[in-house]
Amino acid sequence: MTNDLGAYQRKQGSMMDFGFEIVAISKQRKGYRVVTDTSGKLRVTFAHDRFFLFEEILIVEFALYCFDWQCEYGRDPTASFYYASMDEEEEPLLAFTLQLDGLWTAESGWAEFTNPGISNEELSKAVSDFLLNFESFTKSAFGFGMKSLASELKRSL
C-alpha cells in the first residue's frame, strides 16, 4: 500500500503537519513484526516548510510513540515527546520540549531548520490528526485501531 505523503495529511494552512507514505507492510497482523516490518516515509512541516523528511522509518513504532505521548499529555500537558527508534542510532529522531514561554520546540538530528515554536493546541492537534489518519491505515492493514494495536503489541513483548 503506497500513499501520497499528503494523502493522510490534514488540511493545508495549519502551522504543523505530519504527512506519511506507507512503503512496506508487515505480512504479520499481530506481534512485534507489525512494528519491525512496516515502514514508511514521514514528513513534518511547519507553516508549509519541511522540517524534516525521513525516507524510511518504522512508521508503526513512531505512531505508537505518538499514541503513548498523547495519552500522557492528556494527564500532564507539560509531558515532553522523545522519539528514538530501535532502527536508528541518531537520537532524537524527533522530540518536542515545552519551553518557559509556553511554546513547544521541535528537535531532530535530521531537521532542516530550527522551528520557531508552536502552541500546546497546535502540537496536540497535529499529533491527534496524524493518529486519526494513521488509524485508517492500521484498521485496513491489521484490523486494529491504535488503542487495540498498542495493547496487542504490549502483550506480545
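The values are calculated or read from the model by the stated rules, or taken from the named source; none is laboratory data. Being a predicted model, the structure only gives us computed values, none of them experimental. Neighbour counts run over all protein chains shown; Cβ positions are idealised from the backbone, glycine included.
The strands (runs of 3 or more DSSP E) found entirely in the range 77-148 that carry 1 or more residues being among the β-branched types (Val, Ile, Thr) and in contact with a strand residue (DSSP E or B) (Cβ under 7 Å, 6 or more places away or on another chain) are 94-98, 104-107.
Of all residues in the range 20-70, which are assigned to a strand (DSSP E or B) and not hydrophobic (A, V, I, L, M, F, W, C)? The answer is Glu21, Ser39, Gly40, Lys41, Arg43, Thr45, Asp49, Arg50, Glu55, Glu56. Taken over the range 140-151, the criterion of being of a type outside the set (A, V, I, L, M, F, W, C) and more than 16 Å from Gln28 (Cβ to Cβ) is satisfied by Gly145, Lys147, Ser151. Applying a threshold of 6 Å to beta carbon distances and a minimum spacing of six or more residues, or different chains, the list of pairs starting in the range 81-93 at a residue that is on the phi < 0 side of the Ramachandran plot and ending at one that is aliphatic (A, V, I, L, M) and buried (at least 17 other Cβ atoms within 10 Å of the Cβ) reads Tyr82/Ala95; Tyr83/Leu93; Tyr83/Leu94; Ser85/Leu58; Ser85/Leu93; Asp87/Leu58. Residues that are out of contact with any helix residue (DSSP H, G or I) (no Cβ under 7 Å at 6 or more places or on another chain) and hydrophobic (A, V, I, L, M, F, W, C) were ranked within the range 131-157; the one that is surrounded by the fewest Cβ atoms within 10 Å (Cβ to Cβ) is Leu157.
With the requirement that a residue be small (Gly, Ala, Ser) and under 16 Å from the mean Cα position of the chain (by Cα), what does the range 90-106 give you? Result: Ala95, Ala106.
Would you confirm, using the coordinates I've provided, whether Ala84 is over 20 Å from Tyr32 (Cβ atoms) and not acidic (Asp, Glu)? Judged against the criteria, Ala84 is not a match. Across the range 107-130, the qualifying residues are those that are surrounded by 14 or more Cβ atoms within 10 Å (Cβ to Cβ) and hydroxyl-bearing (Ser, Thr, Tyr), and the one among them that is nearest to the chain's Cα centre (by Cα) is Ser128. Contact map, the range 127-148: first residue over 16 Å from Phe62 (Cβ atoms), second residue of a type in the set (A, V, I, L, M, F, W, C) and assigned to a helix (DSSP H, G or I), Cβ cut-off under 8 Å, separation 6 or more or different chains; pairs are Lys147/Phe67. Among the residues of the range 18-34, the one identified as closer than 16 Å to Cys66 by Cα and surrounded by fewer than 23 Cβ atoms within 10 Å (Cβ to Cβ) is Gly19. Checking the structure you have, find out if any residue of the range 18-30 is at pLDDT below 95, among the hydroxyl-bearing types (Ser, Thr, Tyr) and closer than 20 Å to Phe144 by Cβ. Yes, the range 18-30 has at least one match.
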